[in-house]
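In what follows, a structure is listed as structure tokens, so that the remarks can point back to it.
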Amino acid sequence: MTATESTYLLGHEDAEVQRLLLQGRLYDDYTEHALRLAGLRPGMRVLDIGSGPGDVSFVAARLVGPTGTVLGVDAAPEMVGLARARASEKGFTTTHFVNATIDSLALDEPVDAVIGRLILMHLPDPAATLRQLSSWVRPGGLIVFSENDIAATQSIPEIPLFARTAAAITRAFEALGLSARFGTTLHSVFADAGLGTPRLTVGTPMGTAADTDVLAYAAEVWRLVSPVAQQHGFAIDEVADIDNFVPLLRNQVRAADAVVMMPPMITAWVQK
Ligand SMILES: C[S@@+](CC[C@H](N)C(=O)[O-])C[C@H]1O[C@@H](n2cnc3c(N)ncnc32)[C@H](O)[C@@H]1O
């Protein structure tokens, strides 16, 4: 495997696509805020790496407006197909998607910004990839990447079942060889890529028992990794039937009058 190759471990089954769409609904406003802070402006040409169903590209497209362009790149053809269909549904005529791995991508000219969300963590050598990606950005252009901190997921006050599930999710990511706290290391990854010290920001969706998307997202992440938990012997009996997860959690969050915090999404950026 080369430095920038990735065998995306979370798959592309329908459940994973639905999880990514839900993730987009929860996180896109924070991504918009981060991209705006980083300096995405009308007229820019943007490259979105690991574009998945297209949400980050669509956020960027709104910021760069009709005089800018966005190219989303993804290694999975089914993701590219979905992103294209969504772009045409939403009427984004200057947003395009290509099916390519980072390694195989060739650009005609440098871009004004290279961006990505939840992609670097899936690559075997994120700093080497970031170095390669930054070579495609014109001097003065932007390099902006977002990654999360799964281990920071919590309820306040603590709900034991939620805490145990969040800890098991963290453990499952680590068992898959993925760093659950990758977002908190972005500054080192930028430094190791020769990009100096990035600026940082963070956005964290949170909600109460009334917040359907927040509870559903926790359940969908658990659905994704529970086979790994089972395989490694840390399955959680109370939530073995994942369809019970949301009602059970909702009752417990309501009874404790708690708030639930999803994994914070950390964004790092530099101007080249
Ligand atoms: C967690 S998803 C994130 C999707 C999107 N950025 C978002 O936030 O909604 C990661 C995506 O990166 C893609 N991917 C993984 N490795 C890749 C590579 N080496 N080159 C291009 N795409 C890759 C996967 O196919 C997947 O769609």
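Looking at region 58-67, can you tell me whether even one residue there is touching a Leu at 6+ places or on another chain (Cβ under 8 Å) and in contact (Cβ under 8 Å) with a residue 40 or more places away in the chain?
yes
If I go through region 209-222 residue by residue, how many of them are part of a loop (DSSP other than H, G, I, E, B) and in contact with a Lys or Arg (Cβ under 8 Å, 6 or more places away or on another chain)? Spell out how you get there, then give the answer.
Initially, region 209-222 is screened for residues part of a loop (DSSP other than H, G, I, E, B), giving 209-211.
Still in the list and also in contact with a Lys or Arg (Cβ under 8 Å, 6 or more places away or on another chain): 209.
Result for region 209-222: 1.
Could you say which residue among F190, F173 is free of Cβ contacts under 8 Å to residues at least 60 places away in the same chain, part of a helix (DSSP H, G or I) and either touching a Ser or Thr at 6+ places or on another chain (Cβ under 9 Å) or acidic (D, E) (or both)?
Values: F190 fails: free of Cβ contacts under 8 Å to residues at least 60 places away in the same chain.
Selected residue: F173, the only one of F190, F173 that is free of Cβ contacts under 8 Å to residues at least 60 places away in the same chain, part of a helix (DSSP H, G or I) and either touching a Ser or Thr at 6+ places or on another chain (Cβ under 9 Å) or acidic (D, E) (or both).
Applying the selection to region 230-239, what residues are open to solvent by less than 80 Å² (accessible area, probe 1.4 Å) and in contact with a helix residue (DSSP H, G or I) (Cβ under 9 Å, 6 or more places away or on another chain)?
First pass over region 230-239, keeping only residues open to solvent by less than 80 Å² (accessible area, probe 1.4 Å): 233-236, 239.
Scanning region 230-239 gives F234, A235, I236, V239.
Has region 125-145 got at least one residue that is within 30 Å of A258 (Cα to Cα) and in contact with an Asp or Glu (Cβ under 8 Å, 6 or more places away or on another chain)?
no
Please enumerate the residues belonging to region 54-77 that are within 10 Å of the ligand (Cβ to nearest atom), open to solvent by 10 Å² or more (accessible area, probe 1.4 Å) and either part of a helix (DSSP H, G or I) or not charged (D, E, K, R) (or both).
Hits for region 54-77 are D55, V56, A75, P77.
Under the condition of being within 11 Å of the ligand (Cβ to nearest atom) and farther than 15 Å from D48 by Cβ, which residue from region 100-121 is least open to solvent (accessible area, probe 1.4 Å)?
Just the residues of region 100-121 that are within 11 Å of the ligand (Cβ to nearest atom), to begin with: 100-105, 115-121.
Okay, now just the ones that are also farther than 15 Å from D48 by Cβ, so 103-104, 121.
Working: D103: 66, S104: 79, M121: 20 Å².
Here the residue is M121.
Pairs under 6 Å by beta carbon, first residue touching a residue at least 40 places away in the same chain (Cβ under 8 Å) and of a type in the set (G, A, S) in region 95-116, partner more than 10 Å from the ligand (Cβ to nearest atom) and open to solvent by 20 Å² or more (accessible area, probe 1.4 Å), six or more apart or different chains?
A113/M44
Pick out the one residue from T165, T267, T184 that is in a strand (DSSP E or B) and either closer than 30 Å to W136 by Cα or open to solvent by less than 70 Å² (accessible area, probe 1.4 Å) (or both).
Criteria check complete, one pass: T267.
Would you confirm, using the coordinates I've provided, whether D48 is without any contact (Cβ under 8 Å) to a residue 60 or more places away in the chain, within 26 Å of P126 (Cα to Cα) and near the ligand (Cβ under 10 Å from one of its atoms)?
Here the answer is no, as D48 does not meet what is asked.
If the Cβ limit is 9 Å and pairs must be 6+ apart or interchain, which residue in region 236-247 that is in a loop (DSSP other than H, G, I, E, B) pairs with which residue that is open to solvent by 30 Å² or more (accessible area, probe 1.4 Å) and of a type outside the set (D, E)?
Every condition considered, the pairs that remain are I236/R164; A240/Q230.
Looking only at region 83-114, how many residues end up being farther than 15 Å from S134 by Cβ, touching a strand residue (DSSP E or B) at 6+ places or on another chain (Cβ under 9 Å) and of a type in the set (G, A, S)? Give the derivation first.
Taking region 83-114 as the starting set, the residues that turn out to be farther than 15 Å from S134 by Cβ are 83-101, 103-104, 106, 108-109.
Applying the additional criterion that residues be touching a strand residue (DSSP E or B) at 6+ places or on another chain (Cβ under 9 Å) yields 83-84, 87, 92, 94-101, 109.
Among the residues that remain, those that are also of a type in the set (G, A, S) are: 83, 87, 100.
Number satisfying all stated conditions: 3.
Kindly evaluate S134 against the criterion of being surrounded by 19 or more Cβ atoms within 10 Å (Cβ to Cβ), within 21 Å of the chain's Cα centre (by Cα) and within 21 Å of L186 (Cα to Cα).
no
Can you report the number of residues in region 115-150 which are outside any strand (DSSP E or B), farther than 18 Å from L26 by Cα and of a type in the set (A, V, I, L, M, F, W, C)? Steps first, answer last, please.
Of region 115-150, the ones outside any strand (DSSP E or B) are 118-136, 149-150.
Now drop any that are not farther than 18 Å from L26 by Cα, which leaves 120-136.
So of that shortlist, the ones also of a type in the set (A, V, I, L, M, F, W, C) come out as 120-121, 123, 127-128, 130, 133, 136.
Adding up the residues that qualify gives 8.
The values are calculated or read from the model by the stated rules, or taken from the named source; none is laboratory data. Here the structure is a predicted model, which means the values were calculated and not measured. No Cβ is skipped: glycine too gets one built from the backbone with ideal geometry, and neighbour counts run over all protein chains shown. Accessible surface is based on the protein model in full, side chains and every heavy atom, while ligands, DNA and RNA are left aside. Shrake-Rupley method; radii C 1.70, N 1.55, O 1.52, S 1.80 Å.
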